[in-house]
Amino acid sequence: MSAAEPVVEGAAVDASAAATEAQRILAICNICGYCNGFCPVFDAARERPAPHRGDLSYLAHLCHACRNCLESCQYAPPHAFGVNVPRTLERLRWLDYADYVWPKPLARLMRAGMVLGSKADFALFLKLFLAMIVPLLMGFWWLPWSQLTQPALGPGGFYRIVPFPLMVCLGVATLGWALLSIGVSLVRFWRAIGGGRPAVRLTWSGLSAVLWDLASLRHLDGGGAGCTDSHSPLAPARRWLHQLLVLGFLCCFAATVVAAFWHHVLERVAPYPIGSLPVVLGLVGGLLMLASALGLWWLRRRTNPLALAPERKGGEISATLWLLAVVLSGLALLVWRGTSAMGLLLLAHLGFVYGFFLLLPASKFVHAGYRLLAVLRLRLEQRNIDADTSRRG
Ligand code: SF4
Ligand code: SF4
């Protein structure tokens, strides 16, 4: 499969052809060497002149998709060599999400959206997500309409709609499921890329270097010039927007932790006043996530389509829509919680949050964990090389 080939509507992605194409272009890059300074992918590829599937997975997730190597490549399409590193590695990343996912039936969901241009599979994603709010919309069934639609701003108002123990149990169960599934998938990936072999002791300074690489998205800087969001200019916008998204998520997480502390230790019952710490944290986090999700979507529309694997589109749109559903329903609940719409908005928001957690292992958001392990592997390898050099010296 050459990257220059046209996309065939409805055609499934051929994993073996994708791996062969990756081996072909990385062999060209190993001889060329022009992009070695852009990111660690090229040096790591030279260490693996005959990469097996695990090596390709490692290289694919080490790539942060800055797309700089495509803009700089003299062998990129329409050249006969058709070298397109960002698209080829992105294609491998999506195949990996399905290959390593646990439990296996989730692979069907991961592959939905990877069938090129298939409207049916994209619709499957959306239907599944909408189905997640059904259990909470069953609240219609057992709650009197008058109770569901009354303004209930006083302490404990939320819990007259959804009892506190039920709210917590569903949250813990869905989040626990997501963490278990993603954790097992990442262990499978870690083993495939070589795990901790050859063994090296990971020190605190080594671990902090990995975390700093990730927090600063160091490998998304295209060798210092920034990320190629369109044909030009190079810009750091994608890094900032990713960081804002994570910051927004952390603010929302902090809001949940503070609210839990207030509830259990201070015995202050939600909903809390507008200026209170949990509400401010939740509001700031929600706005940051909203702005960054829209910004990333806007940047994607400006990106040179040649750099993108077309089959990732369904999964990316689904992830953006799910995130927007969670954030917008939360903001709507905050704005209209003093009205008779509060009960319905609470059910919808909780439904979207639980649905988001349930589908998280089959979503694009897992890419953060894969990148973390690839960067960790890189640091371990560098420490081994440093140790070898000092031994020889
Ligand atoms: S992407 Fe192109 S320019 Fe860069 S190393 Fe590969 S072949 Fe050379
Ligand atoms: S991180 Fe950027 S320069 Fe490196 S392989 Fe990926 S797209 Fe190319």
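Some notes on this structure:
- Projecting the Cα atoms of Ser276, Ala291, Leu308 onto the dipole axis of segment 259-356, where Lys and Arg carry +1 and Asp and Glu carry -1 at the beta carbon, places Leu308 farthest toward the positive end.
- Computed from the C-beta positions of Leu372 and Val184 and an R0 of 22 Å, the FRET efficiency is 0.90 to the nearest 0.05.
- Entry note, segment 237-393: relative contact order of 20 percent, from Cα contacts under 8 Å with a spacing of 6+ residues.
- With the simple spin-label model, which puts each label point 7 Å out from Cα in the Cβ direction, the Ala17 to Arg302 separation comes to 3.4 nm.
- Taking 7 Å steps out from each Cα toward its Cβ at Trp177 and Ala291 produces label points 3.4 nm apart.
- Tyr58 sits with roughly 0 Å² accessible to a 1.4 Å probe, with DNA, RNA and ligands left out of the calculation.
The values are calculated or read from the model by the stated rules, or taken from the named source; none is laboratory data. Since this is a predicted model, take the numbers as computed values, not measurements. Please note: Cβ atoms are built from the backbone with ideal geometry, for glycine as well, and neighbour counts cover all protein chains shown. What goes into the accessible areas is simple: the full protein's heavy atoms, side chains included, and nothing from ligands, DNA or RNA. Shrake-Rupley method; radii C 1.70, N 1.55, O 1.52, S 1.80 Å.
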